[in-house]
Amino acid sequence: MNGPFQFRIDGVEVAATPGQTIMEAADAAGIYIPRLCDVEGLRHQGGCRVCTVKVGGKAAGRSVSACTQPAEPGLEVENDTEARNRVRRDLVEMLFHEGNHLCPICEKSGNCELQAMACRLDMTAATRFPYLEPCRDLDASHPDIALDTNRCISCGRCIRASQDVDAKGVFGYVGRGIHRRVAVNGADLAHTDAALADHAMSVCPVGCIIRKGEGFATPIGARHFDHGLIGHEIEGRAGEDLARKDGRK
Amino acid sequence: MTTETKVAYPPDAEIMAISASFGNDHHRMLDILLAVQEARRCISPSTMDTIAAAVGVTRIAVEGVASFYSFLSLAPKGRVTIRLCDDIVDRFSGLDAVVAAFEAELGIKMGETSADHGFSLDFTPCIGLCDQAPAAMINDVVATRLTAERATAIARALKRGLSAAEALVADHDVLSPYQRVRALVENNIRRPGEVLLGPVPEDAGLHAAAAMAPSAIIDAVEASGLRGCGGAGFTTGRKWRFAANAPSDRRFVICNADEGEPGTFKDRVVLTERADLVFEGMTIAARAVGAREGILYLRGEYVYLHEHLQAGLAARRARGGLGADFDIRIQMGAGAYICGEEGALISSCEGLPGEPKTRPPFPVTRGYLGHPTVVNNVETFAHVARILDRGAAWFNAIGTDKSHGTKLFSVSGDCTRPGVYELPYGLTLRELLSLAGAEDAAAVQVGGPSGTMVGRDSLDRRLTFDDLATGGAVIVFSARRNILEIVDYYMSFFVHESCGYCTPCRVGNVFLKKAIEKFRKGQANDDDIAYLKDLSATIIETSRCGLGMTSPKPVLSSLKNFPLVYSALTKPSKDGIKATFDIQSAISGARDIAKRRSYIFDKDFSK
Ligand SMILES: Cc1cc2nc3c(=O)[nH]c(=O)nc-3n(C[C@H](O)[C@H](O)[C@H](O)COP(=O)(O)O)c2cc1C
Ligand code: SF4
Ligand code: SF4
Ligand code: SF4
Ligand code: FES
């Protein structure tokens, strides 16, 4: 495997280079694979599993996370089908039920990737899952930043950004299993070297890492996901392939 | 919880010395934290700061490790920590009475530490002693076949100030490490086979291997048909070939002695009786793949075997069987089932929380510290040594077409002869159960919680890779047992042991457990059966590692093989109201705020 090669996502030919993940190749081709923990510019984590796709033949298909799985020549990938999206909806619902999400009073509403993902995946029916209702302390110790991990989806973006981009290590995971959560490198955020300008403070997909002194600044209608479904920027890259996009409602 | 810090904290020099004794190497974080836990009985924020500074990582990175493992504690523990095994087999063997006896004698409840920091009482999942349950870890030794009387006597001895070893083993100070192990734990070898538990000559396999080219060793292992005994059943020879062919100047051989699958205890017996055979197999593997360094990852629950294994390694070094060409260190675990998964095991050896690694790359190409690494089960390595001695054809001829050789089965639960059976692959479950004195089994958990629960109609199925596969566990339940209690327990095990890295396993298993609770309370309706299946499918499909991919199996296999257990407990919901909805608890918060009772819903309003 040295030169560029082709594989298929939902029957569409996609070009890839060795070392690219399925998701990277899809992004370049203007095909959106839903994701929550993965974000451009940060190491892949493979934790949310929302990007799960099926590779290989229909029956013998194997599920993998598109954000970590290398693309391979001739691979057949199943992405945007009812079966895959149903499973994704389950995962998104799990994340909603693991935390406390009251969108109408949340500063992130309209700019939130979890909320936007629920919208894209048509999470409209009543869910069957129980609520876990965590009760974690709000950390408002820092002059510029507040941290409300009751909305955390454990995506780890803040951890990777602080470690790899800011070279600081302000955030980290503690605990195991359902008790695993994001914590800070000190008694509280004020006792860390966190700064508002850190990349880590700008990557949270949900409303956990909150900038103090500003709130609800963007009017409804002008918020990020008021402009289109999550993923529309990536899908926009496939300018010539409008037919496929119109297939979606 | 007891009140804070009566423990005196010695100066930080002690912590720094511990860290220095591991070369201030952050890859040895787990060893450092275990040593600190031993010295201080707790890992406090200030010690985490000291360790972080000494090894050059952030304090949150230290806390990430310290908070991951069950045997490390951020709150002070007692001088003696008693960890009672709360596996389902122990529960069915009189655990409650043992708990009550310890609580009464020590004056604390489970989960508590006494005010004088003398004792802590905790539960822990399967400690690999199901054949002599109920059992407990007491500091670094174990107590088996507990009864209320025995628990009281042990607690009294400990209260008199005896160490755990003194309280459990007479003359423990004059016994050899091996004798101490034998005094603590029975082997219960019920059926020695011709490969492992029968007589074995010393280093005969290694001598044969020494005369062979590395590639010829791999050929022999592949030709024998040996497949991994840790559960997944990957062909051992092929795994070694991948590692041997991966370009690198450094390679590793790791023995997986995490043996965490509830109901499995055969590696315990191999490590007790055939430790040298395991080291021999590791040495052969090292020669085959070109490794100079080996690690034996020993689960924290088997710390009582540590001295015995160290003595075995020392004896091998003295004989020249280990040394400059290849040596083995023991990495202690600290209470985390997930560390049996090979990626998580490698993470743990690297001083990280026991989280599985992203695959690909696989350990054979990028494993420990990024180098090609072979991870095999204890039993697998022991088999290798015998194959090199007796030849691939000999081994290949034992067993069936696709499952070659013998297998160690750990049989426990409702049977008269629990213990370890070494038998050729291919016998039926019925044959094994009759050897074990379990003819009246109503349900059998083959392969532990991540295996399959079968009923009487499956007794003629064969124990092979392609029929009823098992890493070794065979847990027998008689008709007296409640299937849903078993399933509920196994789900609580997976909830406790999920590493939390990925959504479906971290969250989904909690939901699955809650759904089973609903059935047990008689609050389920027919829709809940579909719900169990849908949720299980999502968890299996999307989980990141084998734990999540198998965690719904207790639910799915009991649904399939014992459907009546579920349907008997479902009833249609009345008036469309969910049976789980409890109006009294739903309004209690509002009632508190309003400081008055509800006109409509409070039953006692008339009073
Ligand atoms: C959750 C989980 C726990 C595991 N626990 C063990 C274990 O305790 N011992 C073991 O040998 N293999 C265990 N395995 C399998 C290992 O990942 C790996 O396949 C095995 O050690 C390879 O050795 P083998 O090929 O000799 O069986 C576990 C796998 C998973 C997914
Ligand atoms: S974080 Fe997102 S999903 Fe959660 S409450 Fe805020 S807007 Fe809603
Ligand atoms: S705080 Fe935000 S960025 Fe960090 S893990 Fe939680 S959801 Fe992700
Ligand atoms: S499946 Fe479970 S144990 Fe495995 S990575 Fe995900 S959370 Fe961790
Ligand atoms: S985006 Fe791939 S697992 Fe989260």
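The values are calculated or read from the model by the stated rules, or taken from the named source; none is laboratory data. Just so it is clear, the structure is predicted and the values come from calculations on it, not from any experiment. So basically every Cβ, Gly included, is an ideal-geometry build from the backbone, and we count neighbours across all protein chains shown. What goes into the accessible areas is simple: the full protein's heavy atoms, side chains included, and nothing from ligands, DNA or RNA. Shrake-Rupley method; radii C 1.70, N 1.55, O 1.52, S 1.80 Å.
General observations
- Calculated on C-alpha atoms, the gyration radius of the range B:152-279 divided by its Kirkwood radius gives an Rg/Rh of 1.09.
- Exposed GluC sites (Glu not before Pro) absent - longest run of chain A, DSSP non-H/G/I/E/B, at most 11 other C-beta within 10 Å: A:41-213
- All C-alpha to C-alpha distances of the range B:350-431, sorted into 5 Å bins beginning at zero, yield P(r) values of 3, 11, 15, 16, 12, 14, 15, 10, 4, 0 percent in whole numbers.
- Nearest-20 debye value, chain A charge dipole, Cβ charges on Lys, Arg, Asp, Glu: 660
- Shape parameters for chain A, alpha-carbon atoms, Rg then Dmax in Å: 18.9, 55
- For the set B:K521, B:K77, solvent exposure ranked by accessible area (probe 1.4 Å, protein chains only) runs largest to smallest as B:K521, B:K77.
- Cα centre as origin, Lys/Arg/Asp/Glu Cβ charges: the range A:89-226 dipole, Debye: 300
- Ellipsoid equivalent to the range B:1-129 - semi-axes via the Cα gyration tensor, in Å: 31, 17, 10
- Per-residue ellipticity at 222 nm, computed for the protein assembly as shown from helices alone with -39500 (n - 2.57) per DSSP H run of at least four residues, works out to -10000 deg cm²/dmol.
- A 1.4 Å probe run over the protein chains yields, for the range B:236-310, 26 Å² of accessible area per residue, whole-number rounding.
- The residues of the range B:517-557 occluded by other protein chains by 50 Å² or more of accessible area, set against the chain on its own, are B:Y531, B:T538, B:E541, B:T542; surface from heavy atoms, 1.4 Å probe.
- Per-residue SASA entry for B:R481, accessible area with 1.4 Å probe, Å² rounded to 10: 50
- Value of D in µm² per second that Stokes-Einstein yields for the protein assembly as shown, Kirkwood Rh from Cα pairs, at 10 °C (1.306 mPa s): 55
- Heavy-atom accessible area order for B:W394, B:W240, largest first, 1.4 Å probe: B:W394, B:W240
- Residues of the range A:135-181 whose accessible area (probe 1.4 Å, heavy atoms of protein chains only) drops by at least 40 Å² once all protein chains are present, relative to their chain alone: A:V174, A:G175, A:R176, A:G177, A:I178, A:R180.
- Scaled radius of gyration (Cα, divided by 2.2 N^0.38 Å) that the range B:483-594 gives: 1.18
- Taking every alpha-carbon pair under 8 Å whose residues sit at least 6 apart, the range B:483-594 reaches a relative contact order of 31 percent.
- Shown here: the range A:5-80, whose C-alpha atoms stretch 29, 24, 19 Å along the first, second and third principal axes, sorted largest to smallest.
- For the range A:89-226, the spread of Cα positions along each principal axis, largest first, Å: 43, 37, 25
- Chain B: radius of gyration and largest Cα-Cα distance (Dmax), Å: 25.2, 93
- For the range A:5-80, the share of accessible area belonging to carbon and sulfur comes to 52 percent (1.4 Å probe, ligands and nucleic acids excluded).
- Once C-alpha pairs closer than 8 Å and six or more residues apart are averaged by separation and normalised to the residue number of chain B, the relative contact order reads 12 percent.
- The mean of 1/r over all pairs of different alpha-carbon atoms in the range B:82-179, once inverted, gives a Kirkwood hydrodynamic radius of 13.5 Å.
- Considering only alpha-carbon pairs that sit under 8 angstrom and 6 or more positions apart, the relative contact order computed for the range B:406-477 is 38 percent.
- Distance from the Cα centroid of the range B:482-545 to that of the range A:75-131 is 20 Å (rounded to whole angstrom).
- Remark: chain A carries 45 Å² of accessible area per residue (probe radius 1.4 Å; ligands, DNA and RNA excluded).
- Using alpha carbons only, the radius of gyration of the range B:13-66 set against its Kirkwood radius gives Rg/Rh = 0.89.
- Dipole of the range B:191-396, positive end: most advanced residue of B:A210, B:V378, B:P353 [Cβ charges, Cα centre]: B:A210
- Taken residue by residue and averaged, Cβ atoms of other chains lying within 10 Å of the Cβ of B:493-503 number 6.
- Charge dipole (debye, nearest 20) of the protein assembly as shown; +1 at Cβ of Lys and Arg, -1 at Cβ of Asp and Glu: 1140
- Across B:F581, A:F129, the residue with the most accessible area heads the list, and the full order at a 1.4 Å probe is B:F581, A:F129.
- Anisotropy class assigned to the range B:164-217 is prolate, per the alpha carbon gyration tensor with a/c at or over the 1.5 cut-off and a/b larger than b/c.
- Put simply, the amide H of B:V375, placed in the peptide plane, has neighbours under 5 Å in B:I254, leaving out anything fewer than 5 places away on its chain.
- Those residues of the range B:67-106 for which accessible area with every protein chain present is at least 20 Å² below the isolated value (1.4 Å probe): B:S67, B:F68
- Kirkwood radius, the range B:191-396, all distinct C-alpha pairs, inverse of mean reciprocal distance: 16.6 Å.
- Evaluated on the range B:406-477, the Kirkwood hydrodynamic radius is 11.5 Å, with distances taken between all distinct Cα atoms.
- Within the accessible area of the range A:89-226 (1.4 Å probe), percent carbon and sulfur: 53
- Inter-part distance where the range B:263-309 and the range A:160-204 are each reduced to a Cα centre, Å: 39
- Within the accessible surface of chain B, defined with a 1.4 Å probe on protein heavy atoms only, the carbon and sulfur portion equals 53 percent.
- For chain A, built as a Gaussian network whose Cα springs stay under 10 Å, the top-fluctuating residue of A:L114, A:L102, A:L189: A:L102
- Leaving ligands and nucleic acids aside, the B/A contact buries around 3200 square angstrom of accessible area in total at a 1.4 Å probe radius.
- What the phi angles of the range B:418-427 give under the Karplus curve with 6.51, -1.76 and 1.60, with θ = phi - 60°, is a coupling list of x, x, 9, 10, 9, 9, x, 4, x, 6 Hz, glycine and proline written as x.
- Within chain B, antiparallel bridges make up roughly 45 percent of the DSSP beta bridges whose residues both belong there.
- 5 angstrom amide H check on B:A442, placed H, neighbours 5+ away: B:F477, B:S478, B:A479
- Accessible solvent surface per residue of the range B:483-594, calculated while the other protein chains remain in place, 1.4 angstrom probe, Å²: 42
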